[in-house]
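Heads up, the thing below is written out as structure tokens.
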Amino acid sequence: MPEDIAPASEAVVICTRNRPDVLRETLRSVFSQSGAAERPVLVVGGSDRTEATHTARVVQSQSDRGLPVWYHRYSGVPAGTRQRNAGVDLLPDSVEVVHFIDDDVTLRPGYFDALCEVLNQKRHLLGVGGVIAESEGAPSRSRVRWAHRLFLLRVDQPSRVLPSGHTTPAWPTGESDMQPAAWLSTCASSYRASVFDTHRFDPAVEGPSPRLEDLDFSVRVARDGPLAVVPEARCLHRVSGRNRRGTAATTRERLVRRYWFVRKNMDRPLNRLAFWWSTLGQLIALVTSSDPDSRAALRGHVRGLRQAWTRAHPLLGEGVDDG
């Protein structure tokens, strides 16, 4: 397994852990796309034993319908980064484009067609991504206020990486059928297979979301060639509650991993200063917020500041694999 994957020019890799019912809905979405019969799907599972059995059954039920889907149970310590790397290694040499989607995503019609059309027309692009919505309806962006710009937290441009290491998501601007991107989310992104001859997801990155491994990977790829977002390729991120941290832990990890990203990919004095300046802006926002979750987020933010400053986190210690 899965030596019997038929040769194909594109393939889908979905990493999953303990979400068999969520995965079932995602697979239905994937196989509702045009050309699904010629687009193999590899599910790389890192689930616990009982959930792994359930996941394998979900995949087998699709395979029994004659659909091109295979299940591979990852034998190492589960991590999205390691599972994606393993999935890429299992694909046949004929694959030229690798599509990554999360296991809790619903694709809109024409998703893969839109991405592949741009890759075929723009041969210089190394990767493309779709527009991700977290609720029904057209994707939108939150309002960018002067404080966001002042503290280098956000700008009014999609798919940007700011000097502080903060990012903006992709959203449709209505100006073109392709938008240059500084980074791509693995929730909905596709890369030329040749990219993986040089780059891999950092296997040191593990644990529940947020991980920022997609930011790290795509920024490294972008040094070799351009990336883009295709607004016509849209999906709904259903955001499963499984394998996710609470508010305080999420806030702490996001801050520490942002610092890890800056230290690894933008390690210049001005970028470090920009990062710490942005954390001050976030601290002020949390202290003055009336949101019910702000107290927990504030606790996580303070703990994250302490961890980043003292480098008391596995990703910030010496000898971390750069991937």
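The values are calculated or read from the model by the stated rules, or taken from the named source; none is laboratory data. Model, not experiment: these values are computed from the prediction. With ideal geometry, Cβ positions are generated from the backbone for all residues, glycine too; neighbour counts draw on all protein chains shown. Side chains included, ligands, DNA and RNA excluded: accessible areas come from the protein's heavy atoms. Shrake-Rupley method; radii C 1.70, N 1.55, O 1.52, S 1.80 Å.
Taking 0.36 nm per residue of separation and subtracting the Cα-Cα distance, what length does fully extending ASP156 through ASP48 add?
Details: separation 108, 0.36 × 108 = 38.88 nm, distance 4.18 nm.
Full-extension gain reported as 34.7 nm.
For segment 64-216, the share of accessible area belonging to carbon and sulfur comes to 48 percent (1.4 Å probe, ligands and nucleic acids excluded).
Using a cutoff of 8 angstrom between alpha carbon atoms and counting only pairs six or more residues apart, the relative contact order for the chain works out to 19 percent. Considering only ALA36, ALA11, ALA308, the Gaussian network model of the chain with Cα springs below 10 Å gives its largest mean-square fluctuation to ALA36. Computed over neighbours whose Cβ is under 11 Å from that of GLY76, the net charge equals +1, Lys and Arg +1, Asp and Glu -1. Segment 3-34 and segment 47-94 have Cα centres lying 9 Å from one another.
Need the C-alpha centroid separation for segment 171-217 versus segment 222-252, integer Å. So the separation of the two Cα centres works out to 9 Å. How charged is the neighbourhood of VAL41? Take every other residue with its Cβ under 12 Å from the Cβ of VAL41, and add Lys/Arg as +1 and Asp/Glu as -1. So the surrounding residues net to -1. In a DSSP loop and with at most 12 other Cβ atoms within 10 Å, the GluC sites (Glu not before Pro) in segment 133-236 are GLU134, GLU136, GLU175. With all protein chains kept in place, the per residue accessible area of the chain amounts to 46 square angstrom at a probe of 1.4 angstrom. Adding -39500 (n - 2.57) for every DSSP H run of four residues or longer, then dividing by how many residues the chain holds, sets the calculated 222 nm ellipticity at -12000 deg cm²/dmol. At a 1.4 Å probe radius, carbon and sulfur cover how many percent of the accessible area of segment 236-306? After summing per-atom areas, the C and S share lands at 57 percent. The angle between the Cα long axis of helix 269-288 and the longest principal axis of the Cα atoms of the chain comes to about 80 degrees, rounded to the nearest 10. Relative contact order of segment 1-74: 39 percent, from C-alpha pairs under 8 Å at least 6 residues apart in sequence. Inter-label distance, ARG295 to SER194: 5.7 nm, where each label sits 7 Å from its Cα along the C-beta direction.
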